[in-house]
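Have a look at the structure below before the remarks.
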Amino acid sequence: MNDLSPDSLGPEYGSLENTGFTAKYKASCFCGAVRYEVSADPVDAKICHCLACQKLHGAPMQWAAIFHKRHVRLTAGLNDLVFYNNEQNRCERILPCKVSCSRCGTPIADEGRRMWLAFPS
C-alpha cells in the first residue's frame, strides 16, 4: 500500500489548503475511491493510437485532456493510486508513468513531469 499524502506528490500539484483553488471539473475512477479536481480548462487534448494505449484502454485509440499539474488536486484515494512506468516495466512512480486505481483498475491519467494527461469519461 502507498503512504501518499498530498504533499508527497510534489509542489507542482494544487493543494487542498489553497483557498484560491476553484474546481472547474471533477473526476473519479469507476468505483469513486480516487477523486480529483481541476481548476482550469485543458491546455490541449490528444488522441493517441499507439500500441500501449490500445492495450491499456482496450480500444483503437484513447483521448486525453492535458492539464498543468498546478491546476490538478487529488481530493481522495491517494493510497489507492497505482503507478506504472511502461518504459522500465516497473510498478513505481517513475515519471512519466500511468496512474490507475488499485481497487477497480480504472486508468486515470498519464502523469508527466509537469503535466497531467487525464482520461476523461
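Read-outs throughout are calculated quantities, based only on the coordinates presented, and are distinct from any laboratory measurement. No experiment lies behind these values; they were computed from the predicted model shown. Here Cβ is always computed from backbone atoms with ideal geometry, including for glycine, and neighbour counts include all displayed protein chains.
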- By the gyration tensor of its Cα atoms, with a ≥ b ≥ c the square roots of the eigenvalues, what is the shape of region 56-121: rounded for a/c under 1.5, prolate for a/b over b/c, or oblate? rounded
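Rank the residues 24, 69 as a footprinting-exposure proxy: fewest other Cβ atoms within 10 Å of their Cβ go first. Show your work: numbers first, answer last.
Working: 24 11, 69 18.
The fewest-first ordering by Cβ neighbours comes to 24, 69.
Taking 8 Å as the Cα distance limit and 6 or more residues as the minimum spacing, I'd like the relative contact order of the chain as a percentage. Present the calculation step by step, with values, prior to reporting the outcome.
Values: 246 pairs, mean separation 30.4, N = 121.
For the chain, the relative contact order is 25 percent.
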- Any idea what the dipole of the chain comes to, in debye rounded to 20, about its Cα centre with Lys/Arg Cβ at +1 and Asp/Glu Cβ at -1? 200
- Query: Taking only DSSP H segments of four or more residues, each worth -39500 (n - 2.57), what value at 222 nm results for the chain once the sum is divided by all its residues, to the nearest 500 deg cm²/dmol?
  - Reply: -1500 deg cm²/dmol
- One point scatterer per Cα, no solvent, Debye formula: log10 I(q)/I(0) for the chain at q = 0.11, 0.16, 0.17 Å⁻¹ comes out as -0.33, -0.74, -0.84
